[in-house]
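Worksheet: the structure to be examined is printed underneath.
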Amino acid sequence: MKPLVFDTSTIISLATNDLLWTFHHLKKQFKGKFIISREVKREIIDTPFNSKRYKLEALMIKDHLEIGHLTLYSTQEIRQKAQYILDLSNSIYFAKKTNIKILHLAEIESLVTALELKSQAYCVDERTMRLIVEDPFLLQKLLKDKLHTQIDINSKNLKEFSSYVNGLKIIRSIELMIVAYKMGILDRYITDKKYHSELRHDLLDGLLWGLKLRGASITE
């Protein structure tokens, strides 16, 4: 079966909401590997492992990698392609003749991995990445509002980038956890079976707010 490829942002959203344990059950549903790239591993395990603030999360994620809930995938070809696509994407938007750097290597390496492996979906919570794939002109407007200046687009580079990512399906931790909710995986949090139906509504509400407040981009 085709894999799911994860960006740093989605895994962090799940880790900070104590939802990494759902990987074990979700893999049975998707029947495919959950992939992370080398740069994502560096961001979520290697670098934070040497810090104080995020060391616990790094250990939690490392455990899921070691027991096989997550799988590391990296090739020289993907790394080379990722660098090219990174340079391309960071030269799409510019202001006052200066390119605006909007993406980083880890998320681009994950993007390239998802495309090269023909994955079921690319799991990413980072809004900039999702918008440059799904609605690059909305991203242009948001950049204009944020930077308070005119933002121009290199049409040639945007066309090349859009052609490369054409057909890529993107999902967030939100969609992934709604699947877990519908499957009943999260029902372990409902101990009072007498009010199961009522509490499932509260469970969904708490799930969505937890993800929104700790990483995922979703409107009220």
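For the reader, a short list of remarks on this structure follows.
- Near pairs, Cβ below 6 angstrom, 6+ apart or cross-chain, from the stretch 31-60 (under 20 Å from residue 114 (Cα atoms)) to any residue that is open to solvent by 70 Å² or more (accessible area, probe 1.4 Å) and modelled with pLDDT under 90: 31/1; 32/1; 32/2
- Just one of the numbered conditions (1) touching a residue at least 12 places away in the same chain (Cβ under 8 Å); (2) open to solvent by less than 60 Å² (accessible area, probe 1.4 Å); (3) part of a loop (DSSP other than H, G, I, E, B) is not true of residue 2: (2).
Yes or no, residue by residue, for (1) assigned to a helix (DSSP H, G or I); (2) open to solvent by less than 10 Å² (accessible area, probe 1.4 Å); (3) closer than 28 Å to residue 2 by Cβ; (4) modelled with pLDDT under 95:
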position	(1), (2), (3), (4)
51	no, no, no, yes
56	yes, no, no, yes
63	yes, no, yes, no
74	no, no, yes, yes
82	yes, yes, yes, no
85	yes, yes, yes, no
109	yes, yes, yes, no
133	yes, no, yes, no
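- Identity of the residue in the stretch 168-204, open to solvent by 50 Å² or more (accessible area, probe 1.4 Å) and assigned to a loop (DSSP other than H, G, I, E, B), that ends up farthest from residue 128 (Cα to Cα): 192
- Residue ID - most open to solvent (accessible area, probe 1.4 Å), chosen from residues in the stretch 21-49 that are part of a helix (DSSP H, G or I), modelled with pLDDT under 95 and of a type in the set (Lys, Arg): 28
- Failed condition for residue 16, given (1) over 15 Å from the mean Cα position of the chain (by Cα); (2) polar (S, T, N, Q); (3) within 27 Å of residue 203 (Cα to Cα): (1)
- The number of residues in the stretch 205-220 that are among the hydroxyl-bearing types (Ser, Thr, Tyr) and open to solvent by less than 30 Å² (accessible area, probe 1.4 Å) comes to 0.
- Complete set of residues in the stretch 89-103 that are surrounded by fewer than 18 Cβ atoms within 10 Å (Cβ to Cβ), in contact (Cβ under 8 Å) with a residue 60 or more places away in the chain and not hydrophobic (A, V, I, L, M, F, W, C): 91
- Taking residues in the stretch 180-192 that are within 17 Å of residue 17 (Cβ to Cβ) and in contact (Cβ under 8 Å) with a residue 40 or more places away in the chain, and partners anywhere that are of a type in the set (D, E, K, R) and open to solvent by 30 Å² or more (accessible area, probe 1.4 Å), the pairs with Cβ atoms closer than 9 Å and at least 6 places apart or on different chains are 186/200.
- Condition check for residue 207: within 20 Å of residue 12 (Cβ to Cβ) and either touching a residue at least 60 places away in the same chain (Cβ under 8 Å) or not in a loop (DSSP other than H, G, I, E, B) (or both): yes
- Test: residue in the stretch 170-178 that is touching a residue at least 24 places away in the same chain (Cβ under 8 Å), of a type in the set (Gly, Ala, Ser) and touching a Cys at 6+ places or on another chain (Cβ under 9 Å): yes
- Test result for residue 138, open to solvent by less than 50 Å² (accessible area, probe 1.4 Å), within 23 Å of residue 97 (Cα to Cα) and in a helix (DSSP H, G or I): no
- One residue alone among 145, 125 is assigned to a helix (DSSP H, G or I) and among the acidic types (Asp, Glu), and that residue is 145.
The values are calculated or read from the model by the stated rules, or taken from the named source; none is laboratory data. Computed from a predicted structure; not experimentally measured. Cβ: placed from backbone, ideal geometry, glycine included. Neighbour counts: every protein chain shown. Remember, those area values only see protein heavy atoms, side chains included, never the ligands or the DNA or RNA. Shrake-Rupley method; radii C 1.70, N 1.55, O 1.52, S 1.80 Å.
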